[in-house]
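Quick note: the coordinates plus some simple rules give every number you see, no bench work behind them. Keep in mind that this is a model prediction, so the values were computed, not measured. With ideal geometry, Cβ positions are generated from the backbone for all residues, glycine too; neighbour counts draw on all protein chains shown.
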Amino acid sequence: MRQLCLCLGLWLLWPATGFAREFRVYFGTYTGTSSQGIYVSRLDADTGKLAAPELAAEIKNPSFLAVSPDEHFLYAGTDAKDATGKATGAVCAFALDHKTGWLTPLNQKNSGGNGSPCHLAVDATGRCLFVANYGTGSLAALSVLADGQLGDAATMIQHSGNGPNPARQAGPHAHSVYPSPDNRFVLNCDLGLDKIFAYRLDAATAQLAPADPPFATVAPGAGPRHLTFSRDGKYVYVVNEMASSITVFRYAAKTAAMRKVQTISTLPADFSGNNTAAEIALHPNGKFLYASNRGHDSIAVFAVDAKSGQLTFIEHQSTRGHLPRCFAIDPTGRWLLVENQASDSVVVFAVDSVTGKLQPTGQTLTIGAPVCVVFVAAK
């Protein structure tokens, strides 16, 4: 026990100054009997302690959240209906009260889909909100007004085609959307087409146009879901939901061209059950990469080679729950929070910044069907 405490103490020494000591943590959920919307907690970055969650905003199925660069506004994907009663996707804008943590609704706009958007992102200027609609295989770019409210979609893009798996890839399924580190491009993973599309971004007008080349591909039937960039922006790491793997691409910042350099499994070699990979995240120090497995119910940990971008497996850590749809590392790099959707739980792990390994802290919060988490510096 003394050795464990010493190790935890050493982990808390990283990183150096420059980070907030406390963060508000917002959780998106699937609503029902155990959840009513977006919940908020407080994370003590020194101890990893999470306060009891409170309802920050009542909203139906806020399955993905995004925060503006200035952290004054929060956006959530949600269900909606049009004038005829047909189900559509929507995005809600909220003003964030830093004193209380509560969220005040500003407005709501159609996402162009037929259900809750599966992913949102805000560009570096805070003037564009990007939306991925899984059901329709489409994405949209909405303008963001000075007061945080959303304008109408300036760009709507509809993908077409299919993949080799008729059960999962009968049509396009846009699953995520990310601005590049230099804010010149937007990348979009389409699970149904096994493609990562690249679009040029005009942030002033929220306009997207196909890059040249317009996309990169993963293995047929892999089903790309989410991605993250390396710290230096030279590599893109794509987690493939259906293949339970990560594909590493060399990324050309001038053109957004992607060249495949490695694909590695997120599962143990002897695993024989059903599994789908879900989330991917890079440690703030850039040395370690993490991905979640739903079925194996684990976080796969990898070391990142700074020169080649390639990954080397380190460990699998149980998520202490079922269906880890989402997880996130706090901005200090000390704590990793796993959202176990099927267990109604958020589990806190300490992160060893030297080895990348995870250590359960024994702390678990109860939140109904948690599926997304974002951090905001407490003020």
Along the dipole axis of segment 152-227 (charges at Cβ: +1 for Lys and Arg, -1 for Asp and Glu; origin at the Cα centre), the most positive-end residue among Pro181, Tyr199, Ala170 is Ala170
Dividing the mean separation of Cα pairs under 8 Å (6+ apart) by the residue count of the chain yields a relative contact order in percent of 13 percent
Listing Thr312, Thr104, Thr319 by rising number of other beta-carbon atoms within 10 angstrom, fewest first, gives Thr312, Thr104, Thr319
Quick numbers on segment 40-102, Rg and Dmax over C-alpha atoms in Å, give 14.6, 51
With Asp194 itself left out, Lys, Arg at +1 and Asp, Glu at -1 over residues whose Cβ is under 15 Å from its Cβ give +2
Cross-link reach from Lys357 to lysines, straight Cα distance under 20 Å and at least 8 residues apart if same chain, gives Lys49, Lys287
Candidate cut points under trypsin sites (Lys or Arg not before Pro) in segment 204-272, DSSP loop plus at most 14 other Cβ atoms within 10 Å of their own Cβ, are Lys254
Taking the alpha-carbon centre of each part, the distance from segment 149-192 to segment 207-246 in Å is 11 Å
Check: C-alpha center segment 257-305 vs C-alpha center segment 358-377, spacing in Å is 19 Å
Subtracting the Cα-Cα distance of Val354 and Glu315 from 0.36 nm times their residue separation yields 12.7 nm
Restricting to aspartates and glutamates and to Cα separations under 14 Å from Lys307, and discarding same-chain partners fewer than 8 apart, the set is Asp232
Neighbours of Arg225 by Cβ distance under 9 Å: Lys/Arg at +1, Asp/Glu at -1, summed charge -2
Given 25 °C, 0.890 mPa s and a Kirkwood radius over Cα pairs, the Stokes-Einstein diffusion coefficient of the chain in µm²/s is 119 µm²/s
In the neighbourhood of Gln341 defined by beta carbon distances under 15 Å, the net charge of the other residues (Lys, Arg +1; Asp, Glu -1) is -1
